[in-house]
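Asker: Below you will find the structure I want to go over with you.
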Amino acid sequence: QGFPGVWESLICRTLFIDKTMEKGVNEEGVEQIIILGAGYDARFFRLECFRLGKNMTLIEVDQAEVQSRKIGILRKIGVVEGNSDSEIQSLSAKNVEITPEMRTKFGKGFKKLNLKGENYAANSTKQTVHFCPCDFQTQSLESQLKKIPSFSSNKKTIFVLEGLTQYVDKNSLA
């Protein structure tokens, strides 16, 4: 309440980024999306444009510890399958049908992830979300991205940088 309009501004920002990504994928031939400082963002798991069987490279960049926690949460609710929680690597991501039982079990977590009770499984295909660990203060984004086998600097790409700059030293973003 002390900051009127902040909540609405965040909603507008999220909606703008979502719509830009959908337009890029559906209309402009974008082949690769990289979310910098992805944190607990769930776009790759909730937006329809990533469930249409297009050959996309989807990369989430963040600190290894954050990614490990996120992968654990996603595995718990059945969104990803793969290796141990301690390994940060590409995981096969699937779109999950959120059942009433899952809603009861995990409660408010679905609202936080912005997932709805729709049946995503009906027309979905598996996509791979690549988790690219990077500490922007000490590592080069370019060198970390080159470790992702399907990354290409020649693909038409959208970079998303949402709510990250206040956490990273100005010199690290140069």
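Asker: Suppose accessible area is computed on protein heavy atoms with a 1.4 Å probe; arrange 35, 17 from highest to lowest.
Answerer: 17, 35
Asker: Here's another thing I want to ask about it. Would you mind getting the accessible area per residue of the range 1-45, heavy atoms of the protein chains only, 1.4 Å probe, in Å²?
Answerer: Averaged over the residues of the range 1-45, the accessible area is 60 Å².
The values are calculated or read from the model by the stated rules, or taken from the named source; none is laboratory data. Computed from a prediction, not measured in an experiment: that's the story for all the values here. Calculation scope for accessible area: heavy atoms of the full protein, side chains included, ligands and nucleic acids excluded. Shrake-Rupley method; radii C 1.70, N 1.55, O 1.52, S 1.80 Å.
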